[in-house]
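**Student:** Take a look at the following structure, please.
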Amino acid sequence: MADLTVDLGFRKLRNPVITASGTFGYGLEFQPFLDLERLGGFIVKGLYFEPREGNPPPRLVETASGLINAIGLQGVGVRAFRAEVLPRLRDLDTAVIINVCGDDDDEYVRVVEALGDERGVAAFELNISCPNVKRDGACPALAPESTYAVVKRVKAATAVPLMTKLSPNVTDIVGIARAAEEAATDAISLVNTFLAMAIDVETRRPKLGNIFGGLSGPAIKPIALRMVYQVASRVRVPVIGVGGIMTGMDALEFLVAGARAVEVGTANFADPTAAVRIIGELDRFCEEKGIARLADIIGTLRLA
Amino acid sequence: MKIDPGARIVGHESWHDYHLLSVAVPAVAAAAAPGQFVMVKVNDQPYPLLRRPLSIHGRNGDRLEFFFKTAGVGTAILATKQPGDGLDLLGPLGRGFRPPERAAGKLAYLVGGGRGIAPLFFLAEDLHARGVKVRVFYGGRTAADIPLRPKFERACWETGFATDDGSFGFAGLVTTLFAQEAAARRPDIVYACGPDPMFHTLAGAVRTLGVPAQFSLESIMGCGIGACWGCVHRIRKDGREAWVKICEDGPVFAASDIVWPEKT
């Protein structure tokens, strides 16, 4: 067994595979299928302060090698999460990360203040990039100024390490990553989903109740990889690569591009054991190539 | 619930776009109850990406039967499966039909439209075994849309068939046939699965009759295990309306709890 550990600075993980928010429920849904403690970590479904209704259905449409979702971050809210969910997660020997949402900067602050003293929270992932809760995919991660402002405020409100999740729906991903870094985020995860749509030509209606949704899955992997590479080579904070990872080989591409860890998302739907399978594939790759420490391949892209 | 990547096709009958697959999948079959479903990976490729939900049509020892109509890429691939082929199944999932209390001697009407007949065969067998008197109403647009007619006729419960074009059985909607029969002989409970317009009509009919009913809803599903929140329907729950997951709280709901969208 190779050494699969990776270091995010604020936290060492037993391996680089984290399950992505919104694709892993509150973690408990997957306990029948895998041992949560084998994961590098898992990120629970996006949490607003108040319970959230979510969008009207249809909320999902499958496209070529991809999935467009417009769930609208339906969720239980901070109080129910703290009372009913977190007690079942906090003693797990893995990094439990809470994805934090807000309708405005104040709400992000309220969520981290309400949960910041709770035992068993490894980090917050600041979700400033969900494309299907506001009109035309509006979110703070679309501009460096709004990214800086919310990260700065949240960072000041909590001592818990902060990952900031960025949107790919921008022209200058590096500028936005730098804004998050300047505001003292502890890590950057990218990418969230791509603003997308699908149309039923029989009825000429949108296939999603929300009209637009976020595209994930293998279809987005090459673009996500390019963005992760751009960001990882231009910021100092750890970068966590996300986007269409289905296999160990996909995860390795992100690591070579400079990601210190990866998030596995849509793959969890097709195969609830995907994250554990990917960890096994990473281990096998290391064994076959004689790599003693997986972390040694991080950021080793050869350009010459 | 289990993942069985080693399920094996042992039978495949087809009628135009309709297919009946018999699958040897012992562990899932042993745990299955009427109204539950499975998520099927139709091939070992990354496309199509997601599993497909299939309601359980019947159980025969360690085999489960699935009845479906080809509707897209996933079901088209499933339709090519032949005996001997493997299949990756996850299930059984969801909350199925509840039998009536003190079941023996009760009269149950089962109403299925098109491919929505799928879960009602398993239910009918189960109810029959509990001593419930079962009457099945099976409707479709035309005779070709009720291909399981002989299978239901062979079984030892009462049947009624309806086609919109009158090509077989009652000429008209299956809900009209149901209403006529229910007026003559009121059931103790109603179970149904079919397209939304059928549910709309039936919901009104059972409310008027004052008879409890359970409807099995259908949706696109991302995961089938409650993680993605993609398959919601408007449901009255704990005294208020909410978007409730069909895969986890359903697919079977009390008809009186289901909120239908305003007609536009």
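The values are calculated or read from the model by the stated rules, or taken from the named source; none is laboratory data. Keep in mind it's a predicted model, so treat the numbers as computed, not measured. Cβ atoms come from the backbone with ideal geometry, glycine included; neighbour counts cover every protein chain shown.
**Student:** Within the stretch A:244-304, considering only helices (runs of 4 or more DSSP H) that don't extend past its boundaries, which have at least 2 residues that are touching an Asp or Glu at 6+ places or on another chain (Cβ under 8 Å) and modelled with pLDDT of 95 or more?
**Tutor:** Working: elements: A:248-256, A:267-270, A:274-289.
Answer list for the stretch A:244-304: A:248-256, A:274-289.
**Student:** For the stretch A:105-112, does any single residue satisfy the condition of being closer than 30 Å to A:ARG205 by Cα and in contact (Cβ under 8 Å) with a residue 60 or more places away in the chain? It would help to see each step written out before you state the result.
**Tutor:** As a first pass, look at the stretch A:105-112 and keep what is closer than 30 Å to A:ARG205 by Cα: none.
The answer is no, given that none of the residues of the stretch A:105-112 is closer than 30 Å to A:ARG205 by Cα and in contact (Cβ under 8 Å) with a residue 60 or more places away in the chain.
**Student:** If B:ILE220 meets every condition in (1) among the aliphatic types (A, V, I, L, M); (2) within 14 Å of another protein chain (Cβ to nearest Cβ); (3) within 14 Å of the chain's Cα centre (by Cα) apart from one, which number is that one?
**Tutor:** Condition not satisfied by B:ILE220: (3).
**Student:** What about B:THR176, is it more than 14 Å from every other protein chain (Cβ to nearest Cβ), in contact with a helix residue (DSSP H, G or I) (Cβ under 7 Å, 6 or more places away or on another chain), more than 30 Å from A:ARG52 (Cβ to Cβ) and modelled with pLDDT of 95 or more?
**Tutor:** So B:THR176 does not fit the description; no.
**Student:** In addition: Which of the residues spanning the stretch A:222-246 are surrounded by fewer than 21 Cβ atoms within 10 Å (Cβ to Cβ), free of Cβ contacts under 8 Å to residues at least 40 places away in the same chain and touching a helix residue (DSSP H, G or I) at 6+ places or on another chain (Cβ under 6 Å)?
**Tutor:** Of everything in the stretch A:222-246, nothing turns out to be surrounded by fewer than 21 Cβ atoms within 10 Å (Cβ to Cβ), free of Cβ contacts under 8 Å to residues at least 40 places away in the same chain and touching a helix residue (DSSP H, G or I) at 6+ places or on another chain (Cβ under 6 Å).
**Student:** Now, a different point. Give A:GLY265, A:GLY241 a once-over and let me know the one that is within 18 Å of the chain's Cα centre (by Cα) and within 14 Å of chain B (Cβ to nearest Cβ).
**Tutor:** Residue meeting the stated conditions: A:GLY265.
**Student:** Given the options A:ALA219, A:ALA224, name the one that is more than 14 Å from chain B (Cβ to nearest Cβ) and in a helix (DSSP H, G or I). Give the steps one after another, and end with the answer.
**Tutor:** Details: A:ALA219 fails: more than 14 Å from chain B (Cβ to nearest Cβ).
It is A:ALA224.
**Student:** Now a separate question. Might you check whether a residue that is on the phi > 0 side of the Ramachandran plot and not small (Gly, Ala, Ser) occurs anywhere in the stretch B:212-227? Steps first, answer last, please.
**Tutor:** Pass one, the stretch B:212-227, residues on the phi > 0 side of the Ramachandran plot: B:224, B:226.
Keeping just the survivors that are not small (Gly, Ala, Ser) gives none.
Within the stretch B:212-227, not a single residue is on the phi > 0 side of the Ramachandran plot and not small (Gly, Ala, Ser).
**Student:** Of the conditions (1) touching a His at 6+ places or on another chain (Cβ under 6 Å); (2) part of a loop (DSSP other than H, G, I, E, B); (3) among the hydrophobic types (A, V, I, L, M, F, W, C), B:ALA104 fails just one. Which one is it?
**Tutor:** (1) is the only condition that B:ALA104 fails.
**Student:** When you scan the stretch B:94-108, do you find a residue that is surrounded by 23 or more Cβ atoms within 10 Å (Cβ to Cβ), under 20 Å from the mean Cα position of the chain (by Cα) and on the phi > 0 side of the Ramachandran plot, even just one? Even if it seems obvious, please write down each step before you answer.
**Tutor:** We begin by selecting, within the stretch B:94-108, every residue surrounded by 23 or more Cβ atoms within 10 Å (Cβ to Cβ); these are B:94, B:96-97, B:108.
Next, from what is left, pick out any that are under 20 Å from the mean Cα position of the chain (by Cα): B:94, B:96-97, B:108.
Retained after the next criterion (residues that are on the phi > 0 side of the Ramachandran plot): B:94.
Looking through the stretch B:94-108, at least one residue is surrounded by 23 or more Cβ atoms within 10 Å (Cβ to Cβ), under 20 Å from the mean Cα position of the chain (by Cα) and on the phi > 0 side of the Ramachandran plot.
**Student:** Separate question: Report every pair of residues separated by at least 6 positions or lying on different chains whose Cβ atoms are under 9 Å apart, first residue within the stretch B:42-55 and within 7 Å of chain A (Cβ to nearest Cβ), second in a loop (DSSP other than H, G, I, E, B) and polar (S, T, N, Q).
**Tutor:** Listed pairs, sorted by first residue: B:PRO46/A:SER65; B:PRO46/A:THR247; B:TYR47/A:SER65; B:PRO48/A:SER65; B:LEU49/A:SER65; B:LEU49/A:THR266; B:LEU50/A:THR266.
Rundown of residues vs (1) without any contact (Cβ under 8 Å) to a residue 40 or more places away in the chain; (2) assigned to a loop (DSSP other than H, G, I, E, B); (3) more than 14 Å from chain A (Cβ to nearest Cβ), yes/no style:
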residue	(1), (2), (3)
B:MET198	no, no, yes
B:GLY204	yes, no, yes
B:TRP229	yes, yes, no
B:CYS247	no, no, no
B:SER256	no, no, yes
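**Student:** I need a count of the residues in the stretch B:30-69 that are more than 24 Å from B:GLY112 (Cα to Cα), part of a loop (DSSP other than H, G, I, E, B) and of a type in the set (Gly, Ala, Ser).
**Tutor:** Adding up the residues that qualify gives 1.
**Student:** Considering (1) more than 24 Å from B:ALA203 (Cα to Cα); (2) over 19 Å from the mean Cα position of the chain (by Cα); (3) not assigned by TED's automatic domain parsing to the domain that holds B:ALA33, say which one B:GLN82 fails and leave the rest.
**Tutor:** For B:GLN82, the exception is condition (3).
**Student:** Let me ask something else. Within the stretch A:146-198, track down each residue that is within 25 Å of A:THR19 (Cα to Cα) and of a type in the set (Lys, Arg).
**Tutor:** Listed by number, the residues that qualify are A:LYS155, A:LYS165, A:ARG178.
**Student:** Name the residues in the stretch A:56-74 that are within 8 Å of chain B (Cβ to nearest Cβ) and either in contact with a Lys or Arg (Cβ under 6 Å, 6 or more places away or on another chain) or closer than 18 Å to B:CYS247 by Cβ (or both), would you? Can you show your working first?
**Tutor:** Within the stretch A:56-74, the subset within 8 Å of chain B (Cβ to nearest Cβ) is A:56-62, A:64-67, A:69, A:71, A:74.
Of everything in the stretch A:56-74, those that are within 8 Å of chain B (Cβ to nearest Cβ) and either in contact with a Lys or Arg (Cβ under 6 Å, 6 or more places away or on another chain) or closer than 18 Å to B:CYS247 by Cβ (or both) turn out to be A:PRO56, A:PRO57, A:PRO58, A:ARG59, A:LEU60, A:VAL61, A:GLU62, A:LEU67, A:ASN69, A:ILE71, A:GLN74.
**Student:** Here's another thing I want to ask about it. Scanning for something closer than 19 Å to B:TRP15 by Cβ and of a type outside the set (Lys, Arg), does the stretch B:178-193 turn up at least one residue? Break it down into steps so the answer makes sense when it comes.
**Tutor:** Kept after step one, since they are closer than 19 Å to B:TRP15 by Cβ, are these residues of the stretch B:178-193: B:193.
If we keep only those that are of a type outside the set (Lys, Arg) too, we end up with B:193.
Within the stretch B:178-193 (the criterion being closer than 19 Å to B:TRP15 by Cβ and of a type outside the set (Lys, Arg)), the answer is yes, since at least one residue qualifies.
**Student:** For A:ARG90, work out the one condition from (1) more than 11 Å from chain B (Cβ to nearest Cβ); (2) in contact (Cβ under 8 Å) with a residue 60 or more places away in the chain it doesn't fulfil.
**Tutor:** All conditions are met except number (2).
**Student:** OK, next. Only residues that are surrounded by fewer than 18 Cβ atoms within 10 Å (Cβ to Cβ) and more than 10 Å from chain A (Cβ to nearest Cβ): list them for the stretch B:231-245, please.
**Tutor:** Correct list: B:ARG236, B:LYS237, B:ASP238, B:GLY239, B:ARG240.
**Student:** Are there any strands (runs of 3 or more DSSP E) wholly within the stretch A:124-196 with 1 or more residues that are crowded, with 24+ Cβ neighbours inside 10 Å and either of a type in the set (Asp, Glu) or touching a helix residue (DSSP H, G or I) at 6+ places or on another chain (Cβ under 6 Å) (or both), and if so which?
**Tutor:** Working: elements: A:162-165, A:187-190, A:194-196.
Correct list: A:162-165, A:187-190.
**Student:** State all residues of the stretch B:226-253 that are under 14 Å from B:PHE215 (Cα atoms) and of a type in the set (A, V, I, L, M); if no residue qualifies, say none.
**Tutor:** Correct list: B:ILE235, B:ILE246, B:VAL252.
**Student:** Among the residues of the stretch B:1-32, write down those that are free of Cβ contacts under 8 Å to residues at least 60 places away in the same chain and buried (at least 18 other Cβ atoms within 10 Å of the Cβ).
**Tutor:** B:SER22, B:ALA24, B:ALA29
**Student:** Same structure, new question: Mind checking which residues of the stretch A:21-39 are within 24 Å of A:ARG284 (Cα to Cα), hydrophobic (A, V, I, L, M, F, W, C) and touching a helix residue (DSSP H, G or I) at 6+ places or on another chain (Cβ under 8 Å)?
**Tutor:** Within the stretch A:21-39, A:PHE30, A:LEU34, A:LEU36, A:LEU39 meet the criteria.
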